[in-house]
Amino acid sequence: MTRFSRSRRVHLFKWLGAAALTVGATGVGAAAPKADEGQLLNLGFKVLVATTKVQQDWIRSLPPGKIRPMQRTGKKFFIYPDAPKNQIYVGGPNEYAAYVQLHPQDKTSAHEDAKRASDYRVKQDEVMRKATAHDLSDPFLGASWADLGW
């Protein structure tokens with residue numbers, strides 16, 4: 001009887017060890033770096049609370065612990081998501097500049113993210129230009145006489 005319970009215990013510890021390694025390897029146990037929400041409010045960031053399911057899902061999709069640049073209607077914004085509270089902190093260029101003065105290490109990641117997004121948009125614009133040129137060069141947009149029943 002003692003031998004059976006000992007082997008069960010060993011099996012249990014092996015299983016728990018494997019689970020702990022899996023959690024550690026996937027990063028579930030690792031906490032994301034977190035900005036101080038009180039500090040963001042003091043710098044002039046405003047709080048927007050998600051009221052719809054779509055807004056809540058969007059907030060959850062944002063990378064946690066990062067201030068991210070956005071542009072809407074020609075204006076530049078910087079947002080910091082707080083998914084557990086279903087809210088975001090929104091600031092403009094002045095508020096972000098004040099934040100960067102306090103945390104200069106965070107400036108580089110935001111600029112790298114903005115550059116990657118800009119590079120992606122340029123790449124997409126080039127693809128669309130080629131597609132439009134192809135469409136304009138073919139008056140039937142790929143249809144042949146056979147498609148028309150002739």
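The values are calculated or read from the model by the stated rules, or taken from the named source; none is laboratory data. Computed from a prediction, not measured in an experiment: that's the story for all the values here. For neighbour counting, all protein chains shown are included, and Cβ atoms are generated from backbone atoms with ideal geometry for every residue, glycine included.
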Here's a check for you: in the range 97-116, which residue that is over 17 Å from the mean Cα position of the chain (by Cα) and not β-branched (Val, Ile, Thr) is modelled with the lowest pLDDT?
Gln105
Considering every residue within the range 60-74, establish whether at least one is of a type in the set (A, V, I, L, M, F, W, C), surrounded by 15 or more Cβ atoms within 10 Å (Cβ to Cβ), under 19 Å from Glu37 (Cβ atoms) and modelled with pLDDT of 85 or more.
yes
Among the residues of the range 117-150 satisfying the criterion of being assigned to a helix (DSSP H, G or I) and of a type in the set (S, T, N, Q), which is modelled with the lowest pLDDT?
Ser137
Checked against (1) part of a helix (DSSP H, G or I); (2) surrounded by fewer than 17 Cβ atoms within 10 Å (Cβ to Cβ), Glu95 satisfies every condition except (2)
Scanning for something surrounded by fewer than 10 Cβ atoms within 10 Å (Cβ to Cβ), modelled with pLDDT of 70 or more and either outside any helix (DSSP H, G or I) or on the phi < 0 side of the Ramachandran plot (or both), does the range 21-37 turn up at least one residue?
no
In the range 75-90, residues that are touching a Pro at 6+ places or on another chain (Cβ under 9 Å) and either of a type outside the set (D, E, K, R) or buried (at least 19 other Cβ atoms within 10 Å of the Cβ) (or both) total 9
With the requirement that a residue be at negative phi and of a type in the set (Ser, Thr, Tyr), what does the range 42-88 give you?
Thr51, Thr52, Ser61, Tyr80
